[in-house]
1. Please identify the pairs in which a residue from region 261-275 that is within 15 Å of Phe226 (Cβ to Cβ) and assigned by TED's automatic domain parsing to the domain that holds Met219 has its Cβ atom under 6 Å from the Cβ atom of a residue that is among the polar types (S, T, N, Q) and part of a strand (DSSP E or B), counting only partners at least 6 apart or on another chain.
2. Suppose we filter region 113-155 for residues that are loosely packed, with under 12 Cβ neighbours inside 10 Å and either touching a residue at least 60 places away in the same chain (Cβ under 8 Å) or closer than 16 Å to Trp66 by Cα (or both); how many remain?
3. Please specify each residue of region 249-263 satisfying the condition of being loosely packed, with under 11 Cβ neighbours inside 10 Å and at negative phi.
4. Tally the residues that are in a loop (DSSP other than H, G, I, E, B) and surrounded by 13 or more Cβ atoms within 10 Å (Cβ to Cβ), restricting the search to region 216-236.
5. If I go through region 68-112 residue by residue, how many of them are touching a residue at least 60 places away in the same chain (Cβ under 8 Å) and crowded, with 16+ Cβ neighbours inside 10 Å?
6. Looking at (1) closer than 23 Å to Val292 by Cβ; (2) out of contact with any strand residue (DSSP E or B) (no Cβ under 8 Å at 6 or more places or on another chain), which one does Thr195 not meet, given that it meets all the others?
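The values are calculated or read from the model by the stated rules, or taken from the named source; none is laboratory data. For clarity, every value in this text was computed on a predicted model and none was experimentally measured. Every residue, glycine among them, receives a Cβ derived from its backbone with ideal geometry; neighbour counts consider all protein chains shown.
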Amino acid sequence: MHTHQDHKNFNWFNITAQKTVIENCNYLVLVCIDVTEIKSSQSQLSDEKKWLITAMESGKTSVWDWNVETNAALWSNSFWELFGIEKLPGRTPSYELWENAIHPDDREMIMESMKQAIAQRAEINVQYRILHPDGSCRWVMDVARPILDKYGEIKRFCGISMDITDQKKFEDEVVLIRENLDDLLEKFSIGWFQTNLNDNSTTRTIEHARIFGYDNLDMNWSLEKFLGHVVDEEREKVRNIIFGSVEKKKDFLVNCKIRKTTGDIRRIMVSASLILDDHGNPTHIVGIVQDVTDLNSDNANLKK
């Protein structure tokens, strides 16, 4: 290292020396290379690496490396805490320590996933539970890429582990809310549907099917199937309302008569909204259908 006169800046040098003999005289040959830029790049890379690790660990993300030949591993500091593994003197990261932290009910599945990733030279993307020594359970997602040697064989996996417990809890709550909502809609004879405008495929509830006279969801449903149930004298009007709303990117409300598979004529109300993509183009229709025949009869009786 050479310091400049201002004592604030300095250059880094790599100096190598070798003894040699020339015409029976001993010489010391010195080679001096300015490596300031290299050292600067290494320092910057080290700072960026520290920043990346700090950012990932603050986001409940741990970094790891696994040697598939020796089962040796490298873990970031947060990995130990995430998996509930005590960092004892002399204890080093290993595949076995990680495997033992996996919930017993998920262990076999994850081990098989690892074997398949090695055999197929594929990336790892798995979700599983881990069991801490205190009995608490956490959800983890592992994402990793294989590192291949010059012969195309996997030597290591480098990846990250993320704590997704909160996300899993939210997903469970959404499922529970959806189940309760479906029960509530069915109680009031309301069917839910979602139609993909790109391929016309439709997802719907069993109550939606019952409104049109079906007792199961085996039949493929589409806008055309729906329009086929609308009575002849109202079909064109309903078609214009739906496709006109899609063209104008507006929600719509339709009140019309349908003919069920049994031949019965019923009056229904369809209330739907459009889902738009990032460019503002409609991609899906989401809505509800309700049989309002009896409601209309009740209203008519009240007016009398």
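1. From residues that are within 15 Å of Phe226 (Cβ to Cβ) and assigned by TED's automatic domain parsing to the domain that holds Met219, the pairs are Met269/Asn255; Met269/Gln290.
2. 5
3. Hit for region 249-263 is Thr262, nothing else.
4. So the count comes out to 4.
5. Summing the residues that are touching a residue at least 60 places away in the same chain (Cβ under 8 Å) and crowded, with 16+ Cβ neighbours inside 10 Å in region 68-112 gives 4.
6. (2)
Residue by residue, here is whether (1) touching a residue at least 60 places away in the same chain (Cβ under 8 Å); (2) outside any helix (DSSP H, G or I); (3) not acidic (Asp, Glu) holds:
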position: Tyr214; (1), (2), (3): no, yes, yes
position: Val238; (1), (2), (3): no, no, yes
position: Val254; (1), (2), (3): no, yes, yes
position: Asp278; (1), (2), (3): no, yes, no
